[in-house]
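Colleague: Could you have a look at this structure, given as structure tokens, before my questions?
The values are calculated or read from the model by the stated rules, or taken from the named source; none is laboratory data. Quick caveat: nothing in here was measured; it's all calculated off a predicted structure. FYI the Cβ positions are ideal-geometry reconstructions off the backbone, even for glycines, and counts take in every protein chain you see. Accessible surface areas use protein heavy atoms only, side chains included; no ligands, DNA or RNA. Shrake-Rupley method; radii C 1.70, N 1.55, O 1.52, S 1.80 Å.
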Amino acid sequence: MHERERHRIILSAVQEKSVVTVQDISELTEASEATIRRDIAALHVQGKIRRVRGGAEAVHPPQLGNLAGRPFRVSESVNIDKKRAIARQAVELCDPGDAIIINGGTTTFQMVHFMAAHRLQVMTNSFAIAEHLVKHSKNTVTVPGGAIYREQSLILSPFDNDAIRNFYARRFFIGAQGVGPLGIMEADALIIQSEQKLMHQADELVVMADSSKFHRRSSLILCPLDRVSTIITDDGIPEEAVRMIENAGIRLIVASPVTQAIKEDSSSVA
């Protein structure tokens, strides 16, 4: 990842979380902690952030009321090749005319790039996904009512009287903060509330999680593994995670970013 992109991620992260650690940014960017310390030092000299022990803080504190978890624009470019390969496999599960639900997230967002030629019935609580599909596809798009959380690009409501309960789907595609023996994990209680409402409206739950999510944990459990029908990940998934998924009786689909790139190159040549 280039220095400019690392700096963008650091600046976005401190505006949302106020204080971020070197380790947090290192995981986000897949750069060494030494590299991140140099980036923080450079941004500190430029007056864009303040360097603190073990990390950095915002010059101007972020506004209150944001959701827990990474902002959409922070996570969007992280592991992008893996997310794109996973998304392609997810769209290949869909048949013409299917009704599906897509939860907001940077991995699920990548599905839009493979849906242009489809005519699916889509419900999504992602403002970014809805906007892209309306502009660039023939899919029918439905969104629930609620407030728009700009940083996560999510439409969320604590109330039951929205469009969710009137939509039935064959599959519900979701991302995750983490995947472990206790189940699928998320970072924010309001997001979990929304996802659980959506889960009731679909026959199958398809989890889209790049291999880094099997090393990550959160304090909040969305659902146990026995609620999951399929997990789509990349070929970096650890062996112990493969065994965990197989023992839970979940269908595992492993996407290869290299194969994905070859397919896209072949399509562009054709």
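Colleague: Would you mind putting 139-147, 245-253, 123-131 in packing order, based on average other-beta-carbon counts within 10 Å, highest first? Show your work: numbers first, answer last.
Modeller: Details: 139-147: 16.6, 245-253: 14.2, 123-131: 22.9.
Output ranking for 139-147, 245-253, 123-131: 123-131, 139-147, 245-253.
Colleague: Here is a further query. So how much accessible area does LYS135 have, in Å² to the nearest 10, using a 1.4 Å probe?
Modeller: 130 Å²
Colleague: Under the rule of at least 5 residues apart or a separate chain, name every residue whose amide H is placed under 5 Å from the amide H of ILE184.
Modeller: Here LEU222, CYS223, LEU225 satisfy the definition.
Colleague: How would ILE221, ILE191 rank on accessible area, largest to smallest, probe 1.4 Å?
Modeller: ILE221, ILE191
Colleague: Over the range 72-255, with the other protein chains present, what is the accessible area per residue in square angstrom, probe 1.4 angstrom?
Modeller: Accessible area per residue: 43 Å².
Colleague: At q = 0.23 Å⁻¹, work out log10 I(q)/I(0) for the range 3-58 with the Debye formula, treating every Cα as an identical point scatterer and leaving solvent out; two decimals please.
Modeller: Values returned for q = 0.23 Å⁻¹ are -0.76.
Colleague: Can you give the relative contact order of the range 3-58 as a percent, counting alpha carbon pairs under 8 Å and 6+ residues apart? Each step should come with its number before you reach the end.
Modeller: On the way: 60 pairs, mean separation 22.9, N = 56.
Value for the range 3-58: 41 percent.
Colleague: Which of the peptides 94-107, 30-43 is most tightly packed, and how do the rest follow, judged by the mean count of other Cβ atoms within 10 Å per residue?
Modeller: Working: 94-107: 21.3, 30-43: 16.4.
The densest-packed peptide leads the list: 94-107, 30-43.
Colleague: Also, quick follow-up: By the gyration tensor of its Cα atoms, with a ≥ b ≥ c the square roots of the eigenvalues, what is the shape of the range 209-261: rounded for a/c under 1.5, prolate for a/b over b/c, or oblate?
Modeller: Prolate is the answer for the range 209-261, as a/c is 1.5 or above and a/b outweighs b/c.
Colleague: For the charge dipole of the range 3-58, defined by +1 on Lys and Arg C-beta atoms and -1 on Asp and Glu C-beta atoms about the Cα centroid, which residue among GLN46, SER12, ILE36 has the Cα displaced farthest towards the positive pole?
Modeller: GLN46
Colleague: Please sort 113-122, 225-234 by packing, taking for each peptide the average over its residues of neighbouring beta carbons within 10 angstrom, highest first.
Modeller: Working: 113-122: 17.1, 225-234: 20.1.
The packing order, highest mean first, is 225-234, 113-122.
Colleague: Please report the orientation-averaged projected area of the range 72-255, defined via the convex hull of its C-alpha atoms, in nm².
Modeller: Computed as one quarter of the Cα hull surface, the answer is 9.3 nm².
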